Amino acid sequence: MADILVVDDEGFIRTTIGAVLRRAGHTVRQAADGAECLSLFSERHPDLLITDIVMPAPEGNELIRMIRRAAASLPILAISGASAPEEFAQQAIAAGATQALVKPFGLNDMLLHVEKLLAKAK
């Protein structure tokens, strides 16, 4: 179905999200930080980017701005365990994220958001 790039510095989060997306039929590539994401992104643009906000350089909002300059219409789902969810969401959207989701979130809920973002992008 879709090629999805998942970026999170927590291996368990990356692995879990990746497993759910693969079961739904998607191809998943994973990056542990912003630099690795940019490398994978330059090799092949994904259909959707899921990125954590709090992670090693470049941090999530800066990464979103960088990706947005290269791919204006790419759906981007920002995720974070932010202590101030409204502020996190506002900052992520301002940086260029299409949508923001606060950790912890249900995996079925995350998959629903992914499918909606992919459907809108078609």
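Values quoted throughout were computed directly from the atomic coordinates according to the rules given, and no laboratory measurement underlies them. Only a predicted model underlies this, so the values are computations on that prediction, with no experimental measurement involved. When we count neighbours, we look across all protein chains shown, and the Cβ atoms used for this are built from the backbone with ideal geometry, even at glycine.
Things worth noting here:
- Close amide-amide hydrogen proximity is noted between Gln30 and Val6, each under 5 Å apart and 5 or more residues distant or on a separate chain (H modeled in the peptide plane; Pro and chain starts excluded).
- Signed unit charges on C-beta, dipole axis of the chain, positive-most listed residue Phe105, Thr16, His26: His26
- Shape call, the stretch 62-122: gyration tensor on alpha carbons, a/c limit 1.5: oblate
- Between Ile79 and Thr51, Asp52, Ile53, Leu101, the built amide H atoms are under 5 Å apart, and every one of these is 5 or more places off in sequence or on another chain.
- In the chain, helical runs assigned H by DSSP with n ≥ 4 each contribute -39500 (n - 2.57); averaged across all residues and rounded to the nearest 500, the mean residue ellipticity at 222 nm is -15500 deg cm²/dmol.
- Length-normalised contact order for the chain - Cα pairs under 8 Å, 6+ apart - percent: 23
- log₁₀ of I(q)/I(0) at q = 0.13, 0.15, 0.21, 0.23 Å⁻¹ - the chain, Debye sum with one point per alpha carbon: -0.42, -0.57, -1.25, -1.57
- Alpha-carbon centroid distance for the pair the stretch 50-82 / the stretch 2-43, whole angstrom: 13
- Lys, Arg +1 and Asp, Glu -1 on Cβ, resulting dipole of the chain about Cα centre, debye, nearest 20: 500
- Size descriptors for the stretch 45-86: radius of gyration and Dmax over Cα atoms are 10.6, 31 Å.
- Alpha-carbon gyration tensor eigenvalues x 5, square-rooted, for the stretch 10-71, Å: 19, 14, 9
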